[in-house]
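In what follows, a structure is listed as C-alpha cells, so that the remarks can point back to it.
The values are calculated or read from the model by the stated rules, or taken from the named source; none is laboratory data. What you are looking at is a predicted structure, and each value in this text was computed from that prediction instead of being measured. Here the Cβ positions follow ideal geometry from the backbone for every residue, glycine too, while neighbour counts run over all protein chains shown.
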Amino acid sequence: MRPERRFGATGSLGASVGVLVLGLAAAWASGRVLDLRAGDLAPGAGGWQLAGDFFGRALRPALAFEGAYDGGRLGVVLQAGRAAVTTVAFAAAAVSLSLVGGLVMGFLGSSAWWPGRRAAAVTVPVRLLAAAMRSVHELIWAVLLLAAFGTDRLVAVLAIAIPYAGTLAKVFAEMIDEAPRDAAGALAAAGASPLQGFAVGLLPRAVPDMTAYAFYRFECALRSAAVLGFFGFPTLGYYLSASFENLHYGEVWTYLYALFVLVLAVDAWSGRLRREVTR
Amino acid sequence: MITAPVRAAGVGLAGVSVRLGGRPVLADVDLEVVPGQAVALVGPSGAGKTTLLRLVNGTVRADRGRVTVGGRDLAALGPGALRALRADIGFVHQDLRLVPNLRVSQNVLSGALGRRSLPGTLRLMLRPAAADLHRAHRLLERVGIPEKLFERTDRLSGGQAQRVAVARALFQQPSVLLADEPVASVDPARARATLALLVRLAREEGLTLLVSLHDPQLVREHFGRVVGLRDGRVAFDRPAAALDEALLADLYRLDDRDAS
C-alpha cells in the first residue's frame, strides 16, 4: 500500500471545507469582475415567445421536414439518422487518432515508464507538448485548420484529435503513475527488466481506468463532432443550426434527441465493456 | 533430511554492513548458508531481517563486506548479470505484490519474466505455451489450489493469494527461495500450513531457503537452523532445536535506550 498523497486521512475534511470556501469566494469575486446581475437574465416579450415556441416542441419533435423541402413522412428522422452516423464516424476517427497520440505521449510522459532520474528529460517536454495541444479548444483548432486547409473532413477530425490527444496523454500519464508499483518491483527483483515489470506488473492495473476514460472521451468527441457541424461539416450540428435558423424547432428537437440517443448508446456500450475489462 | 542436489546455490555474507538513509541497518554480518539448507531468521522488528533478505537478491547493496550467491560476488556483477542472478532467486513478499486484476495463471507465469525476452513476455501473458501453462497448473496443484488457475487473483482469499505468490516464485525455477515474514499476517493454522509448504517445496526442489519469522514454535517445527538478528547484528546462529526461551527473551528484550 502506498501512503495517501495530497491529503492525509485527517487532513481531507479540512481540505474539502477549504476548497468549498475558496470556491464560494471565487464565485463572489468573479461575479464582481463580470458585473453579473440575475435581473439581466429577464427576457423580453419576444424572448418569452421564442422560448415558449422552442420548448413547446420538446415533446413533439418533427418526423417530416417542416419547410418546403419534401423528404417524405420520415424525412427528418432519416436525415437525423444519417447525420448521427456521420457524427459517430467523425468522433470515432478523431478518438482513434487521439488514442494513438495519447497512448504514446501518455507512456512517454509517465515517470513509471522511465527508470532512474533521466525521466524528466523526456517526461517534461512530452507533458509540455500535451499541455500545448489541449490548451487550444477544438473549435479554435477548427478555425485555424479551416483557414489553412479549407473544409476538408480531415480538418474536423484533426481539430478534435489534437486537443483530445493532449488530454488523453495527461490523464493516461497520471493513471499510469498512480498505479501501484509493488508488483512491478517484485518482478524486477526476480530478474524482469524495467520494461517487463512495467508491462506486466503496472500497466494491467491502469488499463481498466484508461479504458473507461477513453470511452468518456468518445462521448465528448460525439458532442464536439456535432458542434463542428456549425462550420459546415455534415454532422448533427450542421442540420441542427440550419433548422434553428429557419425556426423549425421540431426538427431541432429531432436532432437533439438523436444526439441524446447517441450518448446513451455509447454509455451503455462502454458500461458493458468496462464490466468485461474489470471482470 | 533429503537434500536434492539439483540446483541449490549457497548464500554467503562476509563482514556485511548496510546503511539506509544514513542509519546503520546491518553491521558486520557474517552468514554462510550451504546449498539446500533451510534457515529461519528471527529478531525484533527493525533488526534487519528484510534488509538481509534483500541483500541476497541484490535489491539492497552492501556498503561494506561481500555478498555471494552460488559463489558469485554480487558487487562484481553488471546489470545484465545481476538480472540473470535475480531470475535465479525467488522472493515471497510479506505483502505478496501480485497483480490483482490479472488471472492466477498470469501471476504465476510472470515469475519467469527474468528469463524471457520482451516478445516472449507478451506471448507468456497473452498466449502462453501449453507447456508453461501445464507447469503453472502443476505448481498450483502442489500449493493446493489447482482449480484457481484461471480465477482473477483479487477473487482469492488471503491464504490462497499467498499460495499464488509462492507458486510465482517457484515458477522461476530458482535455486534460492527467500520469504519475508510469510506468516506475519495469517492465522496460526494457516501459518503452520504455509511454512510446512515452503519447507517441503524447497526440499523437493532442492532450494536454499531463507525465511524471516517470529514464532519460535514454528522455527523449531520446520527449520534445522535459526539465526537471531538484533540491532543489525547476528545475535546467535545455532540449530533450531537449541532455540530456547532465554535466548528469545534476550533477543526480543525491549531496549532501555529506546525507552529513555
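Scanning segment B:195-228 for residues that are surrounded by fewer than 23 Cβ atoms within 10 Å (Cβ to Cβ) and among the polar types (S, T, N, Q) gives a single hit, B:GLN217.
Only one of these is assigned to a helix (DSSP H, G or I), within 17 Å of the chain's Cα centre (by Cα), closer than 23 Å to A:LEU139 by Cβ and of a type in the set (S, T, N, Q): A:SER243, A:SER270, A:SER224. Name it. Only one candidate qualifies: A:SER224. For segment B:120-144, a residue qualifies if it is farther than 12 Å from B:VAL108 by Cα and outside any helix (DSSP H, G or I), and the qualifying residues are B:ARG127, B:ALA129, B:GLY144.
Candidates are the residues of segment A:204-223 that are over 20 Å from B:LEU118 (Cβ atoms) and of a type in the set (Gly, Ala, Ser); the one that is nearest to the other protein chains (Cβ to nearest Cβ) is A:ALA212.
Among the residues of segment B:107-125, those that are within 8 Å of another protein chain (Cβ to nearest Cβ) and of a type outside the set (A, V, I, L, M, F, W, C) comprise B:SER110, B:GLY111, B:GLY114, B:ARG115, B:ARG116, B:THR121. The residues of segment B:175-188 that are in contact with a helix residue (DSSP H, G or I) (Cβ under 8 Å, 6 or more places away or on another chain) and not charged (D, E, K, R), listed by number, are B:VAL176, B:LEU177, B:LEU178, B:ALA179, B:PRO182, B:VAL183, B:SER185, B:VAL186. Could you list, in sequence order, the residues of segment B:19-70 that are within 14 Å of another protein chain (Cβ to nearest Cβ) and aliphatic (A, V, I, L, M)? Once the filter is applied, which keeps residues that are within 14 Å of another protein chain (Cβ to nearest Cβ) and aliphatic (A, V, I, L, M), segment B:19-70 yields B:LEU53, B:LEU55, B:VAL56, B:VAL60, B:VAL69.
Selection of first residues in segment A:127-138 that are more than 12 Å from A:VAL171 (Cβ to Cβ) and of second residues that are hydroxyl-bearing (Ser, Thr, Tyr) and at pLDDT 95 or above, restricted to Cβ pairs under 8 Å at least 6 apart or on distinct chains, gives the following pairs, ordered by first then second residue: A:GLU138/A:TYR164.
Quick check on segment B:81-88. Is at least one of its residues away from chain A (no Cβ under 11 Å) and among the acidic types (Asp, Glu)? No, segment B:81-88 contains no residue that is away from chain A (no Cβ under 11 Å) and among the acidic types (Asp, Glu). Criterion applied to A:GLY191, A:GLY201 was being at the interface with chain B (Cβ under 10 Å from one of its Cβ atoms), under 23 Å from B:ARG97 (Cα atoms) and not in a helix (DSSP H, G or I), and the one residue passing it is A:GLY191. Restricted to segment B:93-106, and to residues there that are within 7 Å of chain A (Cβ to nearest Cβ) and among the charged types (D, E, K, R), the residue that is surrounded by the fewest Cβ atoms within 10 Å (Cβ to Cβ) is B:ASP95. When B:ALA76 is tested against (1) away from chain A (no Cβ under 14 Å); (2) surrounded by 21 or more Cβ atoms within 10 Å (Cβ to Cβ), exactly one condition is not met: (2).
The single residue among A:LEU78, A:LEU50, A:LEU22 that is surrounded by 13 or more Cβ atoms within 10 Å (Cβ to Cβ), at pLDDT 80 or above, within 30 Å of the chain's Cα centre (by Cα) and part of a helix (DSSP H, G or I) turns out to be A:LEU78.
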